[in-house]
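One structure is given below, encoded as structure tokens.
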Amino acid sequence: MYTKYFKIYGFIIAILLTSCGGGGDDSPSEPEVFPPAEAVLSLPANDEVCLTGVSINSTQATVTFTWQTAPNADSYSVVLKNLATQQVNTFLATTETTDITLTKGEPYSWYVVSKSSTSTETAESDEWKFYLAGDGIVNYAPFMAEAISPEIGGTVSASNNKVTLSWRGTDVDNDIKDYEVFVATTSPPATSIGTTTDAFLEHTVSSGTVYYWQVVTTDQENNSSNSQIFEFKVN
């Protein structure tokens, strides 16, 4: 009898072992991939004259760029633009700081792209602007105006055949005197539609037409800067 029960129990155990351990997929699961997060910029401060540059000669200085560690990122690209010449350069970094040699007395913008060796996704930080101090410069030209409305390349509906153009103007010396706005159906726009101390201006438009516009910002010392050329279409 005992032999009979032993055979039965042995048969049941064999079935259980086969069902639990056999036929399963023992291959390891793929590790979860986390894309990098946006970096938070630290220095140079936004919209400020950069006072931390280390002078190399009369025309160049080295500026230290820093930002906070971005989660899941193991490398970064610093995208730097000279706002006077529109030249863009990219600098690679594996830590949260890098030194870059720049031309003195020029306005710049910069942002950081977070990257990860385990992900094809990237993340861009906010974009900041600053002026690198120049030898003997006591007043700086305004930053180029930035379009707010209409959005660049956007399509808008006119109200009573009018569209309100609005922009953002900044100056490290806080001495903007006025803005002159140029609008045309060709680029670059050569027709001035007026000068204003406000950061907006109405313009009469026609439906189905593409318009180009540009803002010239002037400060109290008569330093000026030209914005990029913006574009929009009217329904």
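The values are calculated or read from the model by the stated rules, or taken from the named source; none is laboratory data. A quick note: this is a predicted structure, and the numbers were derived from the prediction, not measured. So basically every Cβ, Gly included, is an ideal-geometry build from the backbone, and we count neighbours across all protein chains shown. In case anyone asks, the SASA skips ligands and DNA or RNA and just uses the protein heavy atoms, side chains included. Shrake-Rupley method; radii C 1.70, N 1.55, O 1.52, S 1.80 Å.
Remarks
- The angle between the Cα long axis of helix 2-21 and the longest principal axis of the Cα atoms of the chain comes to about 10 degrees, rounded to the nearest 10.
- For the chain, calculated [θ]222 nm from helices alone, where every DSSP H run of n ≥ 4 adds -39500 (n - 2.57): -3000 deg cm²/dmol
- Count Lys and Arg as plus one, Asp and Glu as minus one, and take only other residues whose Cβ is under 10 Å from that of Ser225; the net charge is then -2.
- Along its principal axes, segment 101-235 has C-alpha extents of 49, 49, 22 angstrom, given from the largest down.
- Over 29 Å between alpha carbons, listed pairs Lys81/Lys162; Lys129/Lys162; Lys115/Lys233; Lys104/Lys177: Lys81/Lys162; Lys129/Lys162; Lys115/Lys233
- GNM on the chain, alpha-carbon springs under 10 angstrom: the most fluctuating residue among Gly208, Gly105, Gly53 is Gly208.
- Of the two radii for the chain, the radius of gyration is 1.36 times the Kirkwood radius, both from the alpha carbons; that is the Rg over Rh value.
- Accessible surface calculations at 1.4 Å, restricted to protein heavy atoms, place segment 124-235 at 51 Å² per residue.
- Phi to ³J(HN,Hα) by Karplus 6.51 cos²θ - 1.76 cosθ + 1.60 over segment 31-38, Hz, x for Gly, Pro: x, 6, 9, 10, x, x, 9, 5
- 3J(HN,Hα) couplings calculated from phi for segment 101-109 with the Karplus curve 6.51 cos²θ - 1.76 cosθ + 1.60 (θ = phi - 60°) are, in sequence order, 8, 10, 7, 5, x, 10, x, 9, 10 Hz; Gly and Pro show x.
- Panel note: the C-alpha atoms of segment 184-235, placed on their principal axes, show extents of 40, 19, 14 Å (largest first).
- Residue-count net charge about Ala133 - beta-carbon cut-off 13 Å; Lys, Arg +1, Asp, Glu -1: -3
- Alpha-carbon Rg with Dmax, taken over segment 57-174, Å: 18.0, 57
- Here segment 141-214 is treated with +1 on each Lys and Arg Cβ and -1 on each Asp and Glu Cβ, and its dipole about the Cα centre works out to around 320 debye.
- Derived scalar couplings between HN and Hα for segment 185-201 equal 8, 10, 10, x, x, 10, 9, 7, 9, x, 10, 9, 8, 7, 9, 7, 7 Hz in order, rounded to whole Hz, by the Karplus curve 6.51 cos²θ - 1.76 cosθ + 1.60 (θ = phi - 60°), x for Gly and Pro.
- Cut-off 11 Å between beta-carbons: net charge of the residues surrounding Thr66, Lys and Arg +1, Asp and Glu -1: -2
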